[in-house]
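The values are calculated or read from the model by the stated rules, or taken from the named source; none is laboratory data. None of these values were measured; they are calculated from a predicted model. Cβ sites come from the backbone with ideal geometry, for glycine too, and all protein chains shown count toward neighbours.
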Amino acid sequence: MLKYQFCLITATVATSWLLLLLTMIGGILGIIIFTQIGYDLEKWLVKRFPRWFKRFTLKNRILVKLRRNWGIWGISFLTPILLGIPVGVALCLTLTTDKRKIIKPMILSLVVWTLIFLMFVLLIGK
C-alpha cells in the first residue's frame, strides 16, 4: 500500500527519467531480497500453510510447464509483466540455487520491460 502511495506522489512531481530510475531500483531491490530469502520463505510457508500448496492444480501445472520449457531466461522474461517478482524468483529457485544465475536475467528483463513501458508512456503522452 505504501508503495503505491509513494508512486502517486512521485508521479505528480517527477520526470519520466526519475520514474524510470525509481521503478528499476524498486524492482532490483525486490529481486535481490526475494532471491536471498526466497528458499527459506518457501520452506516456512509450506510448513505454515500446507493446504495452499496442493500438488495437482491447473495453476501449478502451467507453472511447471513454463519452468520445464523455458528455463530461467523464459521465467525472467515473463516475471515483470505476468508473474510478479516473488513468483518468478520462487520458480527460478526451483531450477537452481545459484543466486547469480537468477539475479542477472531477472534484472536484465526488468530493465528491458521498464524501458518498453517508458517508451510506450512517452509515445502516448505526446
**Asked** Under 9 Å by Cβ, and 6 or more places apart or on different chains, what pairs join a residue from the range 54-69 that is over 18 Å from GLY84 (Cα atoms) with one that is in a loop (DSSP other than H, G, I, E, B) and at pLDDT below 75?
**Response** none
**Message:** Restricting to the range 23-59, count the residues that are farther than 19 Å from LEU93 by Cβ, surrounded by 15 or more Cβ atoms within 10 Å (Cβ to Cβ) and at pLDDT below 80.
**Reply:** 1
**Request:** Might you let me know whether the range 92-113 holds any residue that is assigned to a helix (DSSP H, G or I), among the aliphatic types (A, V, I, L, M), at pLDDT below 80 and on the phi < 0 side of the Ramachandran plot?
**Result:** yes
**Asked** Can ILE72 be described as modelled with pLDDT of 85 or more, surrounded by 14 or more Cβ atoms within 10 Å (Cβ to Cβ), of a type in the set (Val, Ile, Thr) and in a helix (DSSP H, G or I)?
**Response** no
